[in-house]
Amino acid sequence: PPSPRLVVGNWKMHGLREQSGRLARAVAEGAQSLPDDVRLVLCPPFTQLASVHGIINAEGPATPLHLGAQDCHTTSSGPHTGNISAEMLADLGVRYVILGHSERRQAHGETDFLIRQKVEAAEAAGLIPIVCIGETMQERLEGRTTTVLATQVEGSLTDGFTGILAYEPVWAIGSGTIPPIDELERTLSLLHGLLQSRLKTDDIRVPILYGGSVTPAQAPTIFSIGSLGGVLVGSASLEAESFLRIAEAA
Ligand code: PEP
């Protein structure tokens, strides 16, 4: 399997100070006893980034635990009321940024072109972008999964992309359902091929994560796919024990 495997927790819009502090401390403590080939990333809301950074750092530099954000703006500063730039995130000690999550594509009308501009901004600030792609149930039923993924890989990645790709079938997010494992395996090799043509090289170093209803129970099956770079976890990342059990299966 690709090493290290990444286990990314997307807290979404969850976490007041006390609860997020408790969660981050429990994860940081548990992370100490994980094998070397696993790396955890916590992506709290913007308001908790600084305090979670403090908690992660308190555990020392050897902790396989890093900080991520859930979005960034396309530019580094300017008249953009309410926005946060990649440069501001990097300045806080953030290492990763999730871009193009389906909730942002759907609820905020984010297009592949906008996401690519955000990827450029993240790369310029030295952040590692985690770009989310995935088909909806309707697109899947219409047999359009391959075209949809090809369009997203083509449009939302930069030419020299060195970040992380997260395959998140929209219908699997928050639904309790994951794709059949043989289908997921085929989709991963499809994505590998799409990356080769998008990045014009056979030597693909972009880890591919799976996201959508990853639980401790499903994790061993998901991680049995040898080429999988890791997982992106939503609701199960809000409980330290579940999140750490997923990490143990990586
Ligand atoms: C997500 O939204 O990125 C996600 C994977 O959510 P969940 O694990 O809750 O399905």
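Annotations
- Kirkwood radius, the stretch 1-140, all distinct C-alpha pairs, inverse of mean reciprocal distance: 15.8 Å.
- The chain: DSSP helices with Cα axial extent of at least 15 Å and average Kyte-Doolittle hydropathy no lower than -0.5: 112-124, 145-156, 181-199
- Once the convex hull of all Cα atoms in the stretch 147-249 is built, its volume per residue stands at 103 Å³.
- Potential extension, residue 181-residue 18 segment - 0.36 nm per residue separation minus Cα distance: 54.9 nm
- Cα gyration tensor shape of the stretch 74-217, rounded if a/c is under 1.5, else prolate or oblate by comparing a/b with b/c: prolate
- Hull volume per residue, based on the alpha-carbon atoms of the chain and their convex hull, is 118 Å³.
- Charge dipole of the stretch 5-249 about the Cα centre (unit charges at C-beta), most positive-ward option of 107, 209, 176: 107
- Helical mean residue ellipticity (222 nm; -39500 (n - 2.57) per DSSP H run of 4+; nearest 500) of the chain: -12000 deg cm²/dmol
- Phi-based couplings in Hz for the stretch 59-67 (Karplus 6.51, -1.76, 1.60; Gly and Pro marked x): 7, x, x, 7, 5, x, 9, 10, 9
- Each Lys and Arg Cβ is given +1 and each Asp and Glu Cβ -1; about its Cα centre, the chain then shows a dipole of about 240 debye.
- The Cα-based radius of gyration of the stretch 194-250, divided by its Kirkwood radius, gives an Rg/Rh of 1.09.
- Amide H to amide H, with H built 1.01 Å from N, residue 40 comes under 5 Å of 7, 65, 66, counting only residues 5 or more places away or on other chains.
- Taking 7 Å steps out from each Cα toward its Cβ at residue 50 and residue 26 produces label points 2.6 nm apart.
FYI, it's all coordinate maths here, none of it is from the lab. As the structure is a computational prediction, the values presented were derived from the model and not from experiment. For neighbour counting, all protein chains shown are included, and Cβ atoms are generated from backbone atoms with ideal geometry for every residue, glycine included.
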